[in-house]
Amino acid sequence: MPASEEARRLLWTAADKLRGSMAVARYKEYLLGLVFLKYLSDAFDERRREIVEELAEEGLDADQRAGFLEDKDEYIGYHTCWVPETARWSAIAARTGSEEIGQFLDDAVGAVMRENPSLAGVLPRIYGQEDVGWRRIAELVALIGDERFTGRGAKPAREAMGEVYAGLLDGFSAAEGPRGGDFHTPASVGELLVGMLEPDQGLIYDPACGAGGLLVRAAGFATGGRAAGHTGLQVRGQDRGELAWRLATMNLAIHGTDGDLAPADSLGDDRFPGLKADFILSRPPFNLKNWAPDASDPRWRFGVPPQSNANFAWLQHIVAKLGDRATAGVVLAGTSVIGGQGGESGIRRALIESDLVACLVALPPNLFRSTSIPTFLWILDTDKSPRGTGALEDRRGQILFVDAAGMGTGAGRGGRVLTDDDIAEVVGTYRAWRGRASAGDRRYADVPGFCGSAGLAAVRDADHVLLPARYIAEAGVESTADRIGRLTEELYALFDRADELTGAVRAQLRRIDG
């Protein structure tokens, strides 16, 4: 059995030990906190071994080596957290026979956070409080300490535990179903976003970062797998709720990425008001309702978004955060590309006429556990010119449309996932259309039924509807996405007619009463 599959099986063996004791959302934090503590200890041990090797080469005696081994700067200066002796995994494993193992873990967590201010408030101190039972906690500690869990030491701690953490996030998202999708973006969608944007430098931002998966993936692309703490890369993220903030902070730390994250709602409490990003990747909550827009907010440059749906609030927030030559990838529900109530169609029209929309991708159904509604990937670009010496294709006044709704393969429980070939085809098409060097010798051409490049005049003729199938020629064939769009537009028309009739009835009643 491959190491990755073996680790995945062990992950869910660990999760099974908590089922029935607490809700999925709670044991998610419980288990991820233990995995993070194990990562900190493993990374500390790795650095300790490096110090021993370095000192041995210098010929220092045992007493001299001991002093260096307990020097915090020898760890922190190498992007490794200082782990007190009582919080090291060997000390924790030694207490698995004690009924006080839960309290010992809480004390270990507290000690780590005291010694590392950047982790203050991040790790959960819940192991001595939950009604789990000390034997079950001991079994979890033993399981996470199993060498099979981290690939038998074949990989560095960051790589091994990063895979473990990502695997758990995917699994928890699936286990929580509709309630669990908001905090985590599926891996294949993240790969698609990163592949299209190619975030290679500068400031990366996600205003609805959840557990930080998109930020981690983007930072990994920019650094080529090196720790982002050793580069000039900047990472910013925000999401409502303390749990998302803690999960994202741990996720970034495990992957060696320094970031500034804020636990607050980006729409109602923007913690980065002056931020200008080079790349923005985000998958905000779909069709968020009953939020509270402030009509005077300067972010609503193209119109005040309706309280009934925040899709265009997210888009305008993201536009406000983009720099002069910046790009964004945003996944939104299908209502963002067609129809529109409460001024939505006007905002979409203004975004299009400002030439900020570079590409629309119709995604396959059921990629997200939280919903089965149609979803679309928006690519925004504040400069669609060749960008001087960038030697890109001049795409001003044009939009690329891609219909990937038929792509993907089954992924259990009715879910779906984009394959590597699917991602490569969409990414390659966009890179070729934009004239990126990464496209190699590939040159863009419209492909019937799959992709088409349209000018703004064609979009105006379609009343600024951005459904990809509208612009992709396939003689005599109406795609699933186009059929959904047509029916949805008809439904919106019925809603509008119902509003008109309701208004007429109310007016007639007022005349009768008067």
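The values are calculated or read from the model by the stated rules, or taken from the named source; none is laboratory data. Values in this document were obtained by computation on a predicted structure and should not be read as measured data. When we count neighbours, we look across all protein chains shown, and the Cβ atoms used for this are built from the backbone with ideal geometry, even at glycine. The protein model used for the area step is the full one, side chains on, heavy atoms only, and it has no ligands, DNA or RNA in it. Shrake-Rupley method; radii C 1.70, N 1.55, O 1.52, S 1.80 Å.
Summary table
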item: Per residue value of the accessible surface for segment 191-295 (all protein chains in place, 1.4 Å probe), Å²; result: 35
item: Violating pairs (Cα-Cα greater than 29 angstrom) within the set 289/321; 28/155; 72/276; 155/276; 72/321; 321/384; result: 72/276; 155/276; 72/321
item: Segment 206-347: relative contact order as a whole-number percent, Cα under 8 Å and 6+ apart; result: 23
item: Estimated vicinal HN-Hα couplings, Hz - segment 419-434 in sequence order (Karplus 6.51, -1.76, 1.60; Gly, Pro = x); result: 7, 4, 5, 4, 4, 4, 5, 5, 4, x, 5, 5, 4, 5, 4, 7
item: Alpha carbon Rg of segment 359-417, scaled by the compact-globule rule 2.2 N^0.38 Å; result: 1.52
item: Percent of Cα-Cα distances greater than 16 Å, calculated over segment 48-112; result: 55
item: Viscosity 1.002 mPa s, 20 °C: Kirkwood-radius Stokes-Einstein D of segment 276-328 over Cα pairs, µm²/s; result: 184
item: Segments 326-338, 113-125 sorted - mean Cβ within 10 Å per residue, highest first; result: 326-338, 113-125
item: Heavy-atom accessible surface of segment 277-388: percent carbon and sulfur, 1.4 Å; result: 48
item: Long-range HN-HN contacts of residue 383 with modeled amide H, under 5 Å; result: 326
item: Per-residue HN-Hα couplings for segment 51-60 [Karplus 6.51, -1.76, 1.60; θ = phi - 60°; Hz; x = Gly/Pro]; result: 4, 4, 5, 5, 6, 4, 5, 8, x, 6
item: Inter-label distance for residue 71 and residue 114, nm, one decimal - labels placed 7 Å from Cα along Cα-to-Cβ; result: 2.5
item: Heavy-atom accessible area per residue - segment 333-433, 1.4 Å, Å²; result: 34
item: Burial order of peptide ranges 238-250, 373-385 (average beta-carbon count within 10 Å, highest first); result: 238-250, 373-385
item: Cα-based convex hull volume of segment 308-463 per residue, rounded to whole Å³; result: 122
item: Point-to-point label distance, residue 447-residue 23, nm (Cα→Cβ direction, 7 Å offset); result: 4.4
